[in-house]
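First the structure, in the form of structure tokens, and then the observations on it.
The values are calculated or read from the model by the stated rules, or taken from the named source; none is laboratory data. Keep in mind that what you see is a predicted model, and the values were worked out from it rather than measured. A quick note on method: Cβ atoms are made from the backbone with ideal geometry, for glycine too, and the neighbour counts reach across all protein chains shown.
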């Protein structure tokens, strides 16, 4: 299979096989106006299989969302067909309006405008705590 390189945009590489679709969903990229290449189960020397996402002409993405879903991925920023910056992702300390609190007694369940704010409490287990009700969410189980 041959997928051409892009002149300008981003390449999200080293995505755990099967998580590429979830990343595209969370990034909420308009597929009608953006050129996107989504490669599933590509061979990887390091991981066996991986997903890759290439997005032409788009450089500004929410790295917190990417780090939350796949902290081991890398983001390559491409300009003039060359990698100008390589970003290694990490789990964000705080995320807002990405994770939704499932606790029915949480203020976010009754107040429509209350932001869903979660804080990282355990990086190894990828666990976050709701700022309002202390509900724990494991991102390991979510993906």
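Residues in region 76-90 that are surrounded by 14 or more Cβ atoms within 10 Å (Cβ to Cβ) and in contact with a strand residue (DSSP E or B) (Cβ under 6 Å, 6 or more places away or on another chain): 76, 77, 78, 87.
In this structure, residue 53 qualifies as under 16 Å from residue 15 (Cβ atoms) and either in contact (Cβ under 8 Å) with a residue 40 or more places away in the chain or surrounded by fewer than 16 Cβ atoms within 10 Å (Cβ to Cβ) (or both). Answer yes or no as to whether residue 73 is in the same structural domain as residue 13 (by TED's automatic domain parsing) and either exposed (fewer than 15 other Cβ atoms within 10 Å of the Cβ) or in contact (Cβ under 8 Å) with a residue 40 or more places away in the chain (or both). Considered against the rule, which asks whether it is in the same structural domain as residue 13 (by TED's automatic domain parsing) and either exposed (fewer than 15 other Cβ atoms within 10 Å of the Cβ) or in contact (Cβ under 8 Å) with a residue 40 or more places away in the chain (or both), residue 73 comes out as yes.
Kindly list, by first and then second residue, each pair from a residue in region 6-26 that is buried (at least 18 other Cβ atoms within 10 Å of the Cβ) to a residue that is in a helix (DSSP H, G or I), limited to pairs with Cβ atoms under 6 Å and residues at least 6 apart or on different chains. The qualifying pairs are 23/69. Here the condition is being part of a loop (DSSP other than H, G, I, E, B), in contact with a helix residue (DSSP H, G or I) (Cβ under 9 Å, 6 or more places away or on another chain) and at pLDDT below 90; of 23, 59, 99, it holds for 99 alone.
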